[in-house]
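Here is the structure we will look at.
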Amino acid sequence: MTRPRHQGPAREDGTVLLRTDFDHYTSIEVAAPRIARLIQPGQFVSVPAPPGFGPPGRWMLSPAAVRRDSGDASGLRLVARRSDNGPGALGQLHSGDLLALIGPLGSPFQLPAVAGITSIIGVDHGAAAALFVADSLREAGGPHQTHLFVPAPVDKHAAVWWDPVPRAAVSVEATPEPQRWTTRVARLAARAGQVVIIAPTPLARTAYEVCRARQVPCWVLLEPFMACGIGLCLTCAVPVAPGNTYARGCVDGPVFPGDQIAWQHLSPAGRPT
Amino acid sequence: MTLHPDDVDLTTDLAGLRLSTPLVLASGTAMYGREISTFLNLAETGAIATKSVLARPWPGLPPARAATTPAGMLNSIGLQGEGIRTLLDEHLPWLAKQGATTLVSIAGHSIDEYATCAKAIAEHHQPVDTLEINISCPNVEDQDRVFARNPDAAARVVAAVRTVLPHTRITAKLSPDVADITEIARACVDAGADALSLINTLLGAAIHPRTLRPTLSHTFGGLSGPAIKPVAVRCIWQVHQALPHIPVLGGGGVRRGQDALDLTAAGASAVSIGTVNFEEPDAAVRITAELRTLLASHGIARYRDAIGVAHRPLEPR
Ligand SMILES: Cc1cc2nc3c(=O)[nH]c(=O)nc-3n(C[C@H](O)[C@H](O)[C@H](O)COP(=O)(O)OP(=O)(O)OC[C@H]3O[C@@H](n4cnc5c(N)ncnc54)[C@H](O)[C@@H]3O)c2cc1C
Ligand SMILES: Cc1cc2nc3c(=O)[nH]c(=O)nc-3n(C[C@H](O)[C@H](O)[C@H](O)COP(=O)(O)O)c2cc1C
Ligand code: FES
């Protein structure tokens, strides 16, 4: 059997170059030159779950940074919350391990030029994808401000992924309680021409509602359950407005204009609609 | 003399449908072929069973639609799809252009809906050679009872489609969630099925550890993956024993060549792979190669000679 040549998402055996464990997160540098060349902010990769996880045995991860100028060592920085489950399994990898990646997956951000700054908000591991967006806006010269929200305490290890973004353009703070989240986001939206939010669904929804009330365009990166990430299974349904139709989160998303999402039908796993 | 894997003949036959290799991409796990074709050459894959379609576009169920369990996954997609017309107008011509061998899967929420799908096929200029009828659907005219769980209901679906499509090869896809699968198998064959596909997913449920509420919005979902392989082997065995002349497309939990060989030995004439495609979209290539090597190691020169071999007594060496 022969395998077809193509330009779309593909398997690429990445090589783990470095793993760093922080208080709350594990970050790995993985060499994957093909994906590094193609991947855009908003897009993601899948990594195989270790034996004993799944099926489905793949986890979706958005890169925090992409290194394109290092030849065969060009690759991605992937970040996951430390845990015994799910992508926390990155913590079991060692330098030299092969990682059967598939990518790039999904559709990238298509941020329009707007008057005013683009406010990029990343919560928890969403801070990773936020930094990749910020880095590409920096390259493109678009005015932006990046706000990362991570678990307390916030110290020099809190947001381990922020080089190469200049620190002046990034704020890192502890994720506020739900009541304070609304006022915090309102302050950020007040100064913005558009908002990008990468956060757990309930926080993303609040952020969207704050933006809508202020008529600030809001772009949301959603992370629905994804069994395949490549458009085969329809597990990643995202209800689109006015409701009762579903987009494929992995192919049509993961980035959606907030107005397009039928939020009332988007229930996180285990929460009754 | 040892047999070289390259010398193994993998061709097989499903009620007259010739397959170059026995591996079939299971319905609902490869959509209509486009996405997986960037990983697999469809012309070199045994066949693809397209995602089941209804008579009209259908939204499916709200999220959450899937859950992970220790050895399988649960899904409740609810037959989201574009409907039979888009399949006929857009996807089947594309698949034909790729040189893919295709099983067209249809579904319905009533006997009329299955018949409507069959009529659309009969009236369309693009001929359909092989149909897989997914009878694991709730019958809205009978308190949402699943057709596949009752021999009369299953037979009525097959008969309705057979009446409209007298010359099309029909395989009926059975559910394992029944007391006696041979009873349903017989009913489908008597109603006009040329072959049987088994098994579809088993009904299951999961409780979310954080909320202690059902993980799936629909509470129940179909369990697939390695967890269900022993059930598939059992069902294939029983049906092959009861109806040895009816070809079976076996599936359920196949991840490796050994799994494909086990289902074949139990009585399958070809083997479908589903959930494994999600994590390894080119799994068909690997599993086919493994199957070839295994057959060679058993000294079996033709895949067809392995079909149902487990039902024959071991010959003394
Ligand atoms: C586009 C995208 C980008 C992502 N980027 C990152 C990232 O950079 N860093 C990071 O740490 N996480 C990332 N995630 C999230 C991650 O892939 C998992 O979805 C998430 O960690 C599951 O969280 P949970 O254990 O709380 O799952 P819950 O929602 O509580 O579900 C319970 C269990 O279901 C299973 N499960 C849940 N979601 C998935 C899934 N998507 N695929 C397979 N099984 C699942 C797991 O067994 C999980 O423990 C991303 C997800 C998506 C869709
Ligand atoms: C996400 C998903 C969607 C499915 N959709 C269909 C479908 O539309 N029609 C159908 O007949 N079977 C459907 N199935 C069942 C598969 O075709 C297959 O019978 C089942 O998953 C068992 O095989 P496996 O263990 O190899 O996955 C689906 C399975 C999954 C996991
Ligand atoms: S995750 Fe499989 S279709 Fe989106």
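The values are calculated or read from the model by the stated rules, or taken from the named source; none is laboratory data. The shown structure was predicted, so the numbers you read here are calculated from the model rather than taken from an experiment. FYI the Cβ positions are ideal-geometry reconstructions off the backbone, even for glycines, and counts take in every protein chain you see. Side chains included, ligands, DNA and RNA excluded: accessible areas come from the protein's heavy atoms. Shrake-Rupley method; radii C 1.70, N 1.55, O 1.52, S 1.80 Å.
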Study note, to complete from the structure: Of the residues in the stretch B:39-50 that are touching a residue at least 12 places away in the same chain (Cβ under 8 Å) and facing chain A (nearest Cβ under 8 Å), the one that is farthest from A:Leu101 (Cα to Cα) is B:Glu44
Revision key, fill the gap. Pairing a residue in the stretch B:65-81 that is among the acidic types (Asp, Glu) with any residue that is open to solvent by 30 Å² or more (accessible area, probe 1.4 Å), where Cβ atoms lie under 9 Å and the two sit 6 or more apart in sequence or on different chains, gives none
Check your understanding: Residues in the stretch A:228-244 that are within 16 Å of ligand 2 (Cβ to nearest atom) and assigned to a loop (DSSP other than H, G, I, E, B): how many?
Key -> 9
Point to revise | Residue in the stretch B:176-215 that is nearest to the other protein chains (Cβ to nearest Cβ), counting only those that are small (Gly, Ala, Ser) and under 26 Å from B:Thr163 (Cβ atoms) | key: B:Ser197
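Taking B:Thr38, is it open to solvent by 30 Å² or more (accessible area, probe 1.4 Å) and more than 15 Å from B:Gln126 (Cβ to Cβ)?
So B:Thr38 fits the description; yes.
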Practice item. Mind listing just one residue for me: the one in the stretch A:245-261 that is within 23 Å of A:Pro48 (Cβ to Cβ) and either outside any loop (DSSP other than H, G, I, E, B) or polar (S, T, N, Q) (or both) and, of those, least open to solvent (accessible area, probe 1.4 Å)? Key: A:Pro254
**Study point:** Cross-chain or 6+ apart pairs with Cβ under 6 Å, the stretch B:207-226 first and closer than 27 Å to B:Arg255 by Cβ, then β-branched (Val, Ile, Thr) and not in a loop (DSSP other than H, G, I, E, B)
**Key:** none
Check your understanding: Does the stretch B:216-225 include one or more residues that are open to solvent by less than 10 Å² (accessible area, probe 1.4 Å), away from ligand 3 (no atom under 16 Å from the Cβ), within 14 Å of another protein chain (Cβ to nearest Cβ) and closer than 29 Å to B:Ala179 by Cβ?
Key -> no
Exercise for review: Could you check, for the stretch A:90-105, whether at least one of its residues is more than 30 Å from B:Ala71 (Cβ to Cβ), within 16 Å of ligand 1 (Cβ to nearest atom), within 14 Å of chain B (Cβ to nearest Cβ) and out of contact with any helix residue (DSSP H, G or I) (no Cβ under 6 Å at 6 or more places or on another chain)?
Suggested key: no
Revision key, fill the gap. The one condition A:Asp84 fails out of (1) surrounded by fewer than 18 Cβ atoms within 10 Å (Cβ to Cβ); (2) more than 14 Å from chain B (Cβ to nearest Cβ) is (2)
Check your understanding: Scanning for something within 16 Å of ligand 3 (Cβ to nearest atom) and open to solvent by 10 Å² or more (accessible area, probe 1.4 Å), does the stretch B:85-98 turn up at least one residue?
Key -> yes
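Let's see how each residue does on (1) more than 27 Å from A:Ala227 (Cβ to Cβ); (2) open to solvent by 10 Å² or more (accessible area, probe 1.4 Å); (3) of a type outside the set (Gly, Ala, Ser):
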position	(1), (2), (3)
B:Ala67	no, no, no
B:Ile111	yes, yes, yes
B:Gln143	yes, yes, yes
B:Arg149	no, yes, yes
Practice item. Tell me, please, whether a residue that is in contact with a Lys or Arg (Cβ under 8 Å, 6 or more places away or on another chain), at positive phi and at the interface with chain A (Cβ under 10 Å from one of its Cβ atoms) can be found in the stretch B:18-28. Key: yes
Practice item. Just give me the residues in the stretch A:197-227 being of a type in the set (Val, Ile, Thr) and in contact with a Cys (Cβ under 8 Å, 6 or more places away or on another chain), in sequence order. Key: A:Ile197
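Conditions tested, residue by residue: (1) among the hydroxyl-bearing types (Ser, Thr, Tyr); (2) more than 14 Å from chain A (Cβ to nearest Cβ); (3) open to solvent by 10 Å² or more (accessible area, probe 1.4 Å).
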residue	(1), (2), (3)
B:Pro247	no, yes, yes
B:Val254	no, no, no
B:Leu263	no, yes, no
B:Ala270	no, yes, no
B:Gly274	no, no, yes
B:Ala284	no, no, no
B:Glu290	no, no, yes
B:Leu294	no, yes, yes
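Considering the stretch B:105-149 alone, what residues qualify as being of a type in the set (Asp, Glu), under 22 Å from B:Pro59 (Cβ atoms) and assigned to a loop (DSSP other than H, G, I, E, B)?
Hit for the stretch B:105-149 is B:Asp144, nothing else.
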Study note, to complete from the structure: For the stretch A:53-81 the number of residues that are in a strand (DSSP E or B) and open to solvent by less than 40 Å² (accessible area, probe 1.4 Å) is 10
Check your understanding: Residues that are surrounded by fewer than 24 Cβ atoms within 10 Å (Cβ to Cβ): which strands (runs of 3 or more DSSP E) entirely in the stretch A:167-227 hold 2 or more of them?
Key -> A:170-174, A:192-198
Point to revise | Sole exception among (1) among the small types (Gly, Ala, Ser); (2) away from ligand 3 (no atom under 16 Å from the Cβ); (3) in contact (Cβ under 8 Å) with a residue 60 or more places away in the chain for B:Ala107, by number | key: (3)
Check your understanding: Quick check: is even one residue across the stretch B:81-100 within 9 Å of another protein chain (Cβ to nearest Cβ) and within 16 Å of ligand 1 (Cβ to nearest atom)?
Key -> no
